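Comments concern the structure below.
The values are calculated or read from the model by the stated rules, or taken from the named source; none is laboratory data. Since the model is a prediction, treat every value here as computed from it, not as a measurement. Glycine also receives a Cβ, built like all others from the backbone with ideal geometry; neighbour counts cover every protein chain displayed.
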Amino acid sequence: MFRAGYVAVVGLANAGKSSLVNALVGEKVAIISSKPQTTRDNILGIVSGKDYQIVLVDTPGVHHSKNALDKTMMKNVRSAVSGVDLILYLIDGATVPSSEEKEYIKHLEVPTKIIKTKIDLKGIKNFDCDLEISSKTGQNLDKLKDMILENLPQYEHEHYIFDKEYYTDKSVKFLIGEEIREKALLHLHQELPHGVAVEITRFFEDDRAVHIDADLVCENERHKGMIIGKGGQTLKKIGTEARAYAEELLNKKVILKIFVRVEKNWRDRPDKIKSLGY
Ligand SMILES: Nc1nc2c(ncn2[C@@H]2O[C@H](COP(=O)(O)OP(=O)(O)OP(=O)(O)O)[C@@H](O)[C@H]2O)c(=O)[nH]1
Ligand SMILES: [Mg+2]
């Protein structure tokens with residue numbers, strides 16, 4: 001028997017959704033950060049075996065909408081939870097679910113498993129869940145995989161939804177853009193991260209290297225100064241680290257140029273959000 005289907009990975013910001021998707025896929029599909037609301041799109045992570053294919057849908061953290069970008073993110077969550085075979089609802093083990101959160105879970109219209117995450121950490125709380133896992137140590141990930149497979153539709157014959165070789169639906173260009181955003185989140189602080197987006201403006205290959213130009217978009221001149229940093233140090237760090245990832249991904253020398261561009265309050269402007277690919 002072959003098992004195949006879609007599994008949405010849902011939960012509050014920072015619950016560990018992207019970390020879990022990457023751990024199950026065994027490749028970096030989605031960027032990770034300690035800052036909430038890192039993921040903005042639904043990103044597919046595909047796990048294939050001889051007799052199964054699990055298509056994981058990583059989603060933005062569930063939260064109240066403040067601006068147009070938030071609303072787009074919540075639309076992405078809603079579209080992910082409809083039309084999937086199973087929902088994994090992740091809860092950070094260091095927190096306890098609020099009554100509002102429990103209510104949200106109760107109203108999901110797809111079979112849902114509650115997964116307690118980050119159990120390698122100290123101070124893990126007691127609450128009802130279907131399984132406890134750690135994406136960091138890999139604890140119980142095999143059990144989770146079995147639990148997922150038991151809940152996916154069965155087929156008599158091979159039924160790959162995606163080609164076996166694919167591990168995500170996203171392009172190399174998207175992955176590199178996201179990596180730049182991850183490094184920006186890592187090196188920037190407080191108010192800034194949420195207002196950052198990346199647009200790849202040029203991407204071509206010659207004999208020597210892959211040439212990539214990217215715009216790091218931010219909301220105002222002050223933020224621009226912070227991203228560039230003293231003597232250009234911050235931007236340089238972001239660029240060096242993102243380039244290392246791109247070179248490994250493409251297996252070729254990469255020449256990466258990052259420019260910082262101001263788009264006034266783009267998170268409130270649906271046209272801008274769309275043009276930035278969200
Ligand atoms: N110790 C430990 N930390 C984890 C684990 N899983 C995730 N984290 C950390 O938790 C933070 C958030 O992880 P993400 O995977 O980005 O969380 P997310 O739910 O995708 O967050 P958003 O995209 O912002 O909604 C990061 O600092 C991760 O390194 C785990 O199993 N153990
Ligand atoms: Mg995420």
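Of note:
- Residue count for region 200-226, restricted to those that are touching a helix residue (DSSP H, G or I) at 6+ places or on another chain (Cβ under 8 Å), farther than 20 Å from ILE273 by Cα and assigned to a helix (DSSP H, G or I): 1
- Single match in VAL57, VAL47, VAL7 (criterion: of a type outside the set (Lys, Arg), more than 9 Å from ligand 1 (Cβ to nearest atom) and under 17 Å from PHE174 (Cα atoms)): VAL57
- Checked against (1) aliphatic (A, V, I, L, M); (2) away from ligand 2 (no atom under 16 Å from the Cβ); (3) farther than 30 Å from MET1 by Cβ, LEU86 passes all but condition (3).
- Residue identified as under 25 Å from ASP268 (Cα atoms) and aliphatic (A, V, I, L, M) among LEU44, LEU24, LEU56, LEU69: LEU69
- Criterion: surrounded by 12 or more Cβ atoms within 10 Å (Cβ to Cβ), away from ligand 2 (no atom under 16 Å from the Cβ) and hydroxyl-bearing (Ser, Thr, Tyr) - qualifying residue of THR72, THR137, THR59, THR117: THR137
- Residues in region 32-44 that are near ligand 1 (Cβ under 7 Å from one of its atoms) and among the β-branched types (Val, Ile, Thr): ILE32, THR38, THR39.
- Of all residues making up region 232-251, the number that are loosely packed, with under 14 Cβ neighbours inside 10 Å and either among the aliphatic types (A, V, I, L, M) or in contact with a Cys (Cβ under 6 Å, 6 or more places away or on another chain) (or both): 0
- Residue that is over 24 Å from GLN37 (Cβ atoms) and β-branched (Val, Ile, Thr), where the choices are ILE255, ILE273, ILE238, ILE228: ILE255
- Residue within region 4-26 that is away from ligand 2 (no atom under 15 Å from the Cβ) and modelled with pLDDT under 95 present: no
- Taking region 83-120 as the range and being at positive phi and either within 19 Å of the chain's Cα centre (by Cα) or modelled with pLDDT of 90 or more (or both) as the test, only LYS118 passes.
- Pairs linking a residue in region 266-277 that is farther than 16 Å from THR201 by Cβ to a residue that is not in a helix (DSSP H, G or I), with Cβ atoms under 6 Å and 6 or more positions apart or on different chains, are ARG267/ASN67; ASP268/ASN67.
- Considering region 29-44, and only residues there that are more than 9 Å from ligand 2 (Cβ to nearest atom), in contact (Cβ under 8 Å) with a residue 40 or more places away in the chain and not aliphatic (A, V, I, L, M), the residue that is surrounded by the fewest Cβ atoms within 10 Å (Cβ to Cβ) turns out to be LYS35.
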